[in-house]
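The values are calculated or read from the model by the stated rules, or taken from the named source; none is laboratory data. Since the structure is predicted, the reported quantities are computational estimates derived from the model, not experimental observations. Using ideal geometry, Cβ is built from the backbone for each residue, glycine included, and neighbour counts are taken over all protein chains shown. Just so you know, the surface numbers come from the protein's heavy atoms only, side chains and all, with ligands and any DNA or RNA stripped out. Shrake-Rupley method; radii C 1.70, N 1.55, O 1.52, S 1.80 Å.
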Amino acid sequence: MGIAQRYARIREEIDEACRACGRDPREVLLLPVSKTVGVPEVREAIAAGALDFGENRPDCIVEKAEALPQARWHFIGNVQSRRIRDIVPHAHLIHSLFEERHLRKVDAVAAELGKVQDALLEVNVSGEASKSGLAPEDVAEALRACGELSHVRVRGLMTMAPQGDAAVAREVFEGLRALRDEAQRAVEPTVDNCQLNELSMGMSEDWREAVPCGATIVRIGRAVFDDAFEESAQ
Ligand SMILES: *Cc1c(COP(=O)(O)O)cnc(C)c1O
């Protein structure tokens, strides 16, 4: 099976998973993560109907966005202050912001470019030391601080679950959704640039847990781009 067929098959599986839990499939974006492949492979996914792609390194988002400006490029990787200038011109949505100084710099760069940068706040729901993101108890305050930024719009939250245990992943995804619901109730009405519709959660191994918990963006790399992943899953 090639990239186009795998993309189409996962899209169908997501649609089925949505129907099984009473959700509208149009609520869930399949975001192929193209970080391990080049422009030709991305073209195959575009031919299969993909429009949005995730990248985790500044050099790669710049290179691919310049080669394929018809696609929408999401930055999902570790944000470093000195690379924000490279990321913002190309990013449709930045999923991985959580430090206030980075949010301020994104705001300043977006202002210079005359754009409003859509962003998600990354939350370390599981509390694993190896994961980045805000502690759950700091989300409300971080959202309030974003209220001062006129060129950033916070569209929701993002998390990564520990790998290898579906039940744990599900707890993490339910946790992110609960945080979002609470922030929608308590913070959104008082912060103008905050509309928390998006939940970016779920990857190749755990998107099936994320969809019933309310994921609106599933970030899928290997299951779309790697034939070996398909073989090992079967
Ligand atoms: C690589 C990556 C993914 C995709 O992971 P797969 O397991 O290959 O689906 C999703 N999110 C982030 C932040 C990543 O870095």
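Observations on the model:
- With semi-axes defined as the square roots of five times the eigenvalues of the C-alpha gyration tensor, the equivalent ellipsoid of the range 39-87 measures 21, 10, 8 Å, largest first.
- Computed from Cα atoms alone, the Kirkwood hydrodynamic radius reported for the range 110-234 is 15.4 Å.
- Heavy-atom surface of the range 97-234, accessible at 1.4 Å and reported per residue (Å²): 45
- Normalised contact order of the range 63-146, rounded percent, pairs of Cα under 8 Å and 6 or more residues apart: 24
- Taking only the Cα atoms of the chain, the radius of gyration and Dmax are 17.0, 49 Å.
- Computed FRET value (nearest 0.05) for ASP59 with CYS21, which takes r as the C-beta separation and R₀ as 45 Å: 0.70
- Percent accessible area from carbon and sulfur atoms, the chain, protein chains only, probe 1.4 Å: 46
- Pairwise FRET efficiency - ARG101 versus ALA186, Cβ, R0 = 30 Å, nearest 0.05: 0.75
- Cα point-scatterer Debye curve for the range 138-183, base-10 log of I(q)/I(0) at q = 0.23, 0.27 Å⁻¹: -0.83, -0.98
- With contributions of -39500 (n - 2.57) from each DSSP H run of at least four residues, the per-residue ellipticity at 222 nm computed over the chain stands at -12500 deg cm²/dmol.
- Think of a 1.4 Å ball rolled over the protein heavy atoms: the range 1-67 then has 49 Å² of accessible area per residue.
- FRET efficiency estimate (nearest 0.05) - Cβ-Cβ, ALA140 to GLN80, R0 35 angstrom: 0.85
- Solvent-free Debye scattering, log10 I(q)/I(0), computed from the Cα coordinates of the range 62-118 at q = 0.20, 0.21, 0.28 Å⁻¹: -0.68, -0.75, -1.28
- Distance between the C-alpha centres of the range 1-55 and the range 161-227: 17 Å, rounded to the whole angstrom.
- The alpha-carbon of LYS105 sits under 20 angstrom from the alpha-carbons of these lysines, leaving out residues fewer than 8 places away in its chain: LYS115.
- Straight-distance crosslink candidates among aspartates and glutamates, where the alpha carbon sits under 16 Å from LYS64 and sequence neighbours closer than 8 are dropped: GLU41, GLU44, ASP52, GLU55, ASP86
- Compared with the alpha-carbon gap, the fully stretched path from LYS115 to ALA8 is longer by 35.2 nm at 0.36 nm per residue.
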